[in-house]
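Report on the structure given below.
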Amino acid sequence: MSKAKKKRAGLSRASKTMQFEPVPPAVYEALETEAWFRRHLDSPRRRTGIKAAASDSSRAKEAIFEEALRWFLAHFEGHPPEHFERVKRSWMRAAFWLSDDVLERCRAMAQRAGVDKRQLFATALSLYCQRRVPQELVDFRQKIYSEASTLYRKHRVSVRKALRTTSAP
């Protein structure tokens, strides 16, 4: 893929800064779900011979963080929301690359609104997930993972038993 195509696809890390930001658990789960579903939708294309780099899945997730912040800026940069999320210490920290131009716009907006950049990020990601990631999809992913985990544990027991026997199949 050429550099121009990578840049358009959001995969280039030139002019980007790594961010470590606290994210509410439900929001993190919704963003993970969105990334999971996009990978799922993209998988038929990958099966037809287009190779995916090992880091594509993490970059796809990072692209969602930037997409959410760009969406937030497009809708709220001129008129910030009345309420901003209060950041809690218990929230997990998400690591993602963010374009310097988006980062500067977020910092400027946070300063104008009189809030911390972390609050702006938490609010932006929360609003994005509320409006763009259906809860049904999050619930579906959790159900699939739960069922898959049950099947895997069940299978692992039979594999361990087979490994302990002295006779080979």
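Some points to look at:
- Förster radius 30 Å - calculated FRET efficiency between residue 153 and residue 90 (Cβ-Cβ, nearest 0.05): 0.60
- Subset of 16/117; 16/88; 61/143 violating a 24 Å alpha-carbon distance limit: 16/88
- Taking 144, 64 and ordering them by how much accessible surface each has at a 1.4 Å probe, largest first, produces 144, 64.
- Legend: translational diffusion of the range 91-130 by Stokes-Einstein, Rh = Kirkwood radius over C-alpha pairs, 20 °C, 1.002 mPa s; D = 198 µm²/s.
The values are calculated or read from the model by the stated rules, or taken from the named source; none is laboratory data. Only a predicted model underlies this, so the values are computations on that prediction, with no experimental measurement involved. Reconstructed Cβ throughout: ideal geometry from the backbone, glycine too, with neighbour counts over all protein chains shown. Each accessible area value is taken on the protein alone, full model and side chains, heavy atoms only, with ligands, DNA and RNA left out. Shrake-Rupley method; radii C 1.70, N 1.55, O 1.52, S 1.80 Å.
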